[in-house]
Amino acid sequence: MEKTVIVYSKPNCMQCNFTKKFLEDKGIPYQIKDIEENTEAVNEVKSLGFSSLPVVIAEGLEAFHGFRPDLLNRLA
């Protein structure tokens, strides 16, 4: 069963791009929520207690922010 992975992101965010590339390279499907296109996504990030991007939410993992290959590897 595939886990749902959501990446909160914005354009020109280096760590966001690293995170998305890592997931693509590992063949892990994910959804992007762009905070610049989606005001609801901004509120979701804030409600999770984060103020920097990317924020990654995945089943079975605690939400985290930044480029974290150690945590992303657990999704592979």
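The values are calculated or read from the model by the stated rules, or taken from the named source; none is laboratory data. Computed from a predicted structure; not experimentally measured. Here the Cβ positions follow ideal geometry from the backbone for every residue, glycine too, while neighbour counts run over all protein chains shown.
So if I check each of 66, 60, 49, which one is at pLDDT below 95, among the small types (Gly, Ala, Ser) and on the phi > 0 side of the Ramachandran plot?
Sole residue among the options that is at pLDDT below 95, among the small types (Gly, Ala, Ser) and on the phi > 0 side of the Ramachandran plot: 60.
Mind listing whichever residues of region 60-69 are within 14 Å of residue 15 (Cβ to Cβ) and either free of Cβ contacts under 8 Å to residues at least 40 places away in the same chain or surrounded by 12 or more Cβ atoms within 10 Å (Cβ to Cβ) (or both)?
Of everything in region 60-69, those that are within 14 Å of residue 15 (Cβ to Cβ) and either free of Cβ contacts under 8 Å to residues at least 40 places away in the same chain or surrounded by 12 or more Cβ atoms within 10 Å (Cβ to Cβ) (or both) turn out to be 64, 65, 66, 67, 68.
Looking only at region 4-52, which residues are among the charged types (D, E, K, R), within 20 Å of residue 69 (Cα to Cα) and in contact with a strand residue (DSSP E or B) (Cβ under 9 Å, 6 or more places away or on another chain)?
If the condition is that a residue be among the charged types (D, E, K, R), within 20 Å of residue 69 (Cα to Cα) and in contact with a strand residue (DSSP E or B) (Cβ under 9 Å, 6 or more places away or on another chain), then 10, 20, 33 are the ones that fit.
Go through 57, 35 for me and flag whichever is crowded, with 19+ Cβ neighbours inside 10 Å and over 19 Å from residue 3 (Cβ atoms).
35
If a residue must be touching a Phe, Trp or Tyr at 6+ places or on another chain (Cβ under 6 Å) and not aliphatic (A, V, I, L, M), how many such residues does region 27-53 contain?
Residues flagged as touching a Phe, Trp or Tyr at 6+ places or on another chain (Cβ under 6 Å) and not aliphatic (A, V, I, L, M) within region 27-53 amount to 1.
Looking only at residues that are touching a Pro at 6+ places or on another chain (Cβ under 7 Å) and part of a strand (DSSP E or B) in region 6-33, which one is nearest to residue 72 (Cα to Cα)?
Top of the filtered list is 7.
Between a residue in region 34-53 that is of a type outside the set (D, E, K, R) and any residue that is assigned to a helix (DSSP H, G or I) and surrounded by 11 or more Cβ atoms within 10 Å (Cβ to Cβ), which pairs come within a Cβ distance under 8 Å, given they are 6 or more apart or on different chains?
35/41; 35/42; 35/45; 51/45; 53/15; 53/16; 53/45
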